[in-house]
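*Asks:* Have a look at this one.
Where a number appears in this text, it was derived from the coordinates with a stated rule and is not lab data. What you are looking at is a predicted structure, and each value in this text was computed from that prediction instead of being measured. As a convention, Cβ positions derive from the backbone with ideal geometry for all residues, glycine included, and neighbour counts pool all protein chains shown.
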Amino acid sequence: MSRTLADTLSAQVTGPVLVPGDDGYDDEVAAFNLATTLRPDVAVGATSTQDVVAAVRAARAHGVPLVVHATGHGAEHPVTSGLLVSTRRLDAVHVDPAARTATVGAGVRWAAVAAAAAEHGLAPVAGSSPTVGVVGYLLGGGVGPFARSHGFSSDRLLGATVVTGTGEVVEVSAAAHPDLLWALRGGKHGLGVVTQVTVGLVAMPELYAGSWTFAAEHVEAVVRGWLAWTATADPDTTTSLAVARFPDLPVVPEPLRGRTVLHLRFARPGDAATGEAVAAPLRALAPVVADEVGVLPVSETARIFADPTEPAASWVGGALLTHAEDDLASAWLAALGPDADHPFLAVELRHLAGATSLDVDGGSAVSGRSAAFSLGVLAVDPRAFAAAPDATARALDALRPWLADESNPNLCGALAPRWHPWTQQRLDDVRHRYDPDGVLRSTGPTNPTNPLAGGEEG
Ligand SMILES: Cc1cc2nc3c(=O)[nH]c(=O)nc-3n(C[C@H](O)[C@H](O)[C@H](O)COP(=O)(O)OP(=O)(O)OC[C@H]3O[C@@H](n4cnc5c(N)ncnc54)[C@H](O)[C@@H]3O)c2cc1C
């Protein structure tokens, strides 16, 4: 079957059509998350929308599932069969400075958009990592360093070229296929193969941002102080807190080896004087080991989180929280603090609300509008992966009074995303309209049927 499918496709597409064992196959299916193996029967390296059309039609005709692969940052579930379309050759970036938009191919990463936009004094509203793919990120919503000032990144999705599950090409905008535009803004999976998107850019001439590192002995003061500060935080300021426990292993750089560190990240578009005044109470929470908060060119936003850029194995879990009152700090410290018994290298809280709570004109499927925080856990030692799901479940149980009903597909890692029941119903309808035979699958977390069931993939 795979040879027949590959032969059919080779005659129809311009890009490479590869089966296991072919030169280039391993490279085509390699994922950023090394813990997940993608081994489809056939991999197609799309070079155009027409290549994608041929792949979708062939998958449908042969009755095999199709997944889309850009960077593999969101690859949580292995692929053992079927057809994979890789988008990395769709790498065009075009900035329209007058319209303040960028039109980019499905294989583009945020770093390329940021560089092209910077030539015109503009910036995308992107995530923490420059190497994440634009389309996969936008489809999940997108919570970045400017979440509170600028909202979910998907709020700036203006249009898309989409190959539906039946192999039709549709140009999506507010005027054409608005139901699909609504769904693409956060509905994540099963909505078609996106080959190009147009996003709004912003001018951010001044930015006061970076991170503070505090020593582990001050964790309680920092967690309590920061969470209390968020209750009345400036709406234009986005902050997040990560606690990382680095193992005492030679692979860990010497200054971090065997140490626990706290990172408090801060980003406020605007002038330095106001930024410094807003930041002052946070800077004073505890003695600062490394102060890297100051005036930052918007093109260097990636320094705020300093996310890893090289592929590595990881297990990620996440949830959304509704509020911080009623002593979230004590519960969080007990469940996930440096002295808690858990297998995670890093645990993180990101402050949301502000602009993330305001829906975009025309509406969106994004989950998390009513959340105040996102919570994430990260394991990188493969020996910890087996224990990670249960440990996450225990932590979420301990945090149940603060847990939101919804969870976001970009931020929930290997867990099932959960949309509001109304959104889930509407998403199911849109998915069925554009992919009636269920050809499209995801390498990431999905939950097509039961939004409130929880647990692993639905
Ligand atoms: C280091 C790191 C940092 C991150 N930081 C953030 C952050 O700050 N904020 C945030 O919100 N998220 C963040 N994420 C999560 C990230 O946004 C998701 O994992 C996202 O799915 C990655 O998209 P990708 O295309 O790069 O990955 P891929 O693994 O290639 O794609 C993941 C899924 O996206 C979908 N997809 C991708 N391309 C297409 C397409 N052309 N058409 C249709 N579907 C497609 C598919 O369902 C695919 O299975 C981060 C992840 C990592 C690993």
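*Asks:* Roughly how many Å is it from the Cα centre of segment 60-125 to that of segment 269-306, as a whole number?
*Replies:* So the two Cα centres are separated by 30 Å.
*Asks:* Using the alpha-carbon centroid of each, what span in Å lies between segment 177-206 and segment 363-424?
*Replies:* Their Cα centres are 22 Å away from one another.
*Asks:* For the pair Asp327 and Val295, how long in nm is the line joining their label points, each one 7 Å along Cα→Cβ?
*Replies:* Spacing of the two 7 Å Cα→Cβ label points: 4.5 nm.
*Asks:* Could you tell me which GluC sites (Glu not before Pro) in segment 299-386 are loop residues by DSSP with no more than 16 other beta carbons within 10 angstrom of their beta carbon? List each step's numbers first, then the result.
*Replies:* On the way: sites: Glu300, Glu325, Glu348; in loops: Glu325.
Here the sparse-neighbourhood loop sites are Glu325.
*Asks:* Taking the square root of 5 times each eigenvalue of the Cα gyration tensor, what semi-axes in Å does the equivalent ellipsoid of segment 207-402 have, largest first? Intermediate values should be presented prior to the final figure.
*Replies:* On the way: eigenvalues 129, 94, 60 Å².
Three semi-axes, in Å: 25, 22, 17.
*Asks:* Please compute the net charge surrounding Arg394, taking Lys and Arg as +1 and Asp and Glu as -1 over other residues with Cβ under 14 Å from its Cβ.
*Replies:* Charge balance near Arg394 sits at -2.
*Asks:* Roughly how many nanometres apart are two label points built 7 Å out from the Cα toward the Cβ at Ala30 and Ala115?
*Replies:* So the label points at Ala30 and Ala115 sit 1.8 nm apart.
*Asks:* Between Ser48 and Arg400, what is the spin-label point distance in nm, taking each point 7 Å from the Cα along the Cα→C-beta axis?
*Replies:* Each label point is offset 7 Å from its Cα along the Cβ direction, giving 5.7 nm.
*Asks:* What number, rounded to the nearest 500 deg cm²/dmol, is the helix-based mean residue ellipticity at 222 nm of the chain, given -39500 (n - 2.57) per DSSP H run of at least four residues and division by all its residues?
*Replies:* On the way: 13 runs with 116 residues, N = 458.
Here the helix-only value at 222 nm equals -7000 deg cm²/dmol.
*Asks:* What does the highest-first list of 121-127, 425-431 look like by mean Cβ count within 10 Å?
*Replies:* Details: 121-127: 23.6, 425-431: 17.6.
Going from most to least packed, we get 121-127, 425-431.
*Asks:* Here is a follow-up. Are there GluC sites (Glu not before Pro) in segment 150-240 that DSSP marks as loop and that have at most 14 other Cβ atoms within 10 Å, and which are they? Write down the numbers at each step before the final one.
*Replies:* Details: sites: Glu168, Glu171, Glu206, Glu217, Glu220; in loops: Glu168, Glu206.
Those that pass, being in a loop and sparsely packed, are Glu168.
*Asks:* By its C-alpha gyration tensor, with a ≥ b ≥ c as the square roots of the eigenvalues, how is segment 314-378 shaped: rounded for a/c under 1.5, else prolate for a/b larger than b/c, else oblate?
*Replies:* Numbers: a/c = 3.84, a/b = 1.81, b/c = 2.12.
Oblate is the answer for segment 314-378, as a/c is 1.5 or above yet b/c matches or exceeds a/b.
*Asks:* Around Glu217, what is the net charge, scoring Lys/Arg as +1 and Asp/Glu as -1 over all other residues with Cβ under 13 Å from its Cβ? Before the final figure, lay out the partial values.
*Replies:* Values: positive: Arg259; negative: Glu220, Asp339.
So the environment of Glu217 carries a net charge of -1.
*Asks:* Residues in segment 348-366 near a label at Glu168, defined as backbone nitrogen under 11 Å from the 7 Å Cα→Cβ point?
*Replies:* No residue passes the distance filter.
*Asks:* Next question, about the same structure. What's log10 of I(q)/I(0) for segment 342-424 at q = 0.10, 0.24 Å⁻¹, Debye sum over Cα points only, no solvent?
*Replies:* -0.28, -1.26
*Asks:* Give the long-range amide H neighbours of Thr195: residues separated by 5 or more places, or on another chain, with amide H under 5 Å away, using H modelled in the peptide plane at 1.01 Å from N.
*Replies:* Those qualifying (amide H under 5 Å, at least 5 residues apart or on another chain) are Thr161, Val162, Val163.
*Asks:* Filter the trypsin sites (Lys or Arg not before Pro) in segment 173-270 to those in DSSP coil with at most 16 other Cβ atoms within 10 Å of their Cβ, and list the result.
*Replies:* On the way: sites: Arg185, Lys188, Arg224, Arg245, Arg257, Arg259, Arg265; in loops: Arg185, Lys188, Arg257, Arg259.
Those satisfying the criteria are Arg257, Arg259.
*Asks:* Among residues other than Val56 whose Cβ falls under 15 Å from its Cβ, what is the net charge (Lys/Arg +1, Asp/Glu -1)? Each step should come with its number before you reach the end.
*Replies:* Numbers: positive: Arg57, Arg60, Arg431, Arg441; negative: Asp51, Glu168, Asp435, Asp437.
Once all neighbours under 15 Å are counted, the net charge is 0.
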